[in-house]
């Protein structure tokens, strides 16, 4: 493996990272700066690496064989085993600019992969190892699942858990590693944090799956588990915008309850972070609050036929941000708020 010295243009690369974050994710551009300064750059960089991996997966005009090839190439780039400029120059001409695939900011990000990677290689060995592991598991896992995707959905709840792990749970593990390296006090609970981080990720991802079910179907994909709907007597392949079948609603309710349980574990994860680490708590709480609010809308409007119909309002987002900022250090009030805001959600078996 090539040993990369810190970039001579580190300040310029950081400016680019902060600027492009706003373009590819307004949410993370808002939450990442709330972290302690020692974590902001590495977490921001991690998000951009994941976004590049997502761009490969999302490109509809890129065949599965090429997706595998570029995925493996990107894994090697992050590990310092292949030049980033070669990867970017090969991938960029193959990306299409449309609402179903790549937007201009994502094209810009891929073009500037070398700048992102220079930052990656400036971090500590432990930080680099955490980022490399996350990208490796996520990139390979996403393409494998996409190769086998169909409107029939995933087989069952264990397969759903595996999917949620490769796209979100592994990110939770990476963040836990970075948090534990940052603070010895946080590291005292590392084993439990790592376990709960996977559940945290699944709660967030299940909420996204439920919100985006109709958009995914337009791409001939479905990440809902067949077994849950089969238990209710419904076949996912028959799902359409005209569907009003109560059996579908029964399966949806079951999944909302499972997601709610995972979000409760997300709260447990957050409360393991010492109260004085308000910045890290806010980072976690904002993601948790958005998921709970989204889940509430999905449950309240089971007849939704697009993600925009269950999108939380800017006013709700602003209120959640202010509230979580003020109450980040109060375990008792946070537990009470979670109970209040999830009491209307279905209670279901644990997984």
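The values are calculated or read from the model by the stated rules, or taken from the named source; none is laboratory data. Since we're looking at a predicted model, the values are computed, not measured. So basically every Cβ, Gly included, is an ideal-geometry build from the backbone, and we count neighbours across all protein chains shown.
General remarks:
- Residue count for the stretch 18-40, restricted to those that are assigned to a helix (DSSP H, G or I), without any contact (Cβ under 8 Å) to a residue 40 or more places away in the chain and over 21 Å from residue 277 (Cα atoms): 5
- Only residues that are over 22 Å from residue 14 (Cα atoms) and without any contact (Cβ under 8 Å) to a residue 12 or more places away in the chain were counted in the stretch 89-143, giving 4.
- Remark: residue 196 falls outside the filter, which requires a residue to be at pLDDT 95 or above, farther than 30 Å from residue 40 by Cβ and either surrounded by fewer than 16 Cβ atoms within 10 Å (Cβ to Cβ) or more than 12 Å from the chain's Cα centre (by Cα) (or both).
- Residues within the stretch 144-165 that are part of a helix (DSSP H, G or I) and surrounded by 22 or more Cβ atoms within 10 Å (Cβ to Cβ), tallied: 3
- Summed over the stretch 59-75, residues that are surrounded by 15 or more Cβ atoms within 10 Å (Cβ to Cβ) and either free of Cβ contacts under 8 Å to residues at least 24 places away in the same chain or assigned to a helix (DSSP H, G or I) (or both) total 10.
- Reported count of residues in the stretch 301-326, each being at pLDDT below 90 and either assigned to a helix (DSSP H, G or I) or not assigned by TED's automatic domain parsing to the domain that holds residue 250 (or both), is 13.
- Scanning the stretch 233-251 for residues that are in a helix (DSSP H, G or I) and touching a helix residue (DSSP H, G or I) at 6+ places or on another chain (Cβ under 6 Å), we see that the one that is farthest from residue 298 (Cα to Cα) is 236.
- All conditions but one from (1) buried (at least 20 other Cβ atoms within 10 Å of the Cβ); (2) in a loop (DSSP other than H, G, I, E, B); (3) without any contact (Cβ under 8 Å) to a residue 40 or more places away in the chain apply to residue 223; the one that does not is (3).
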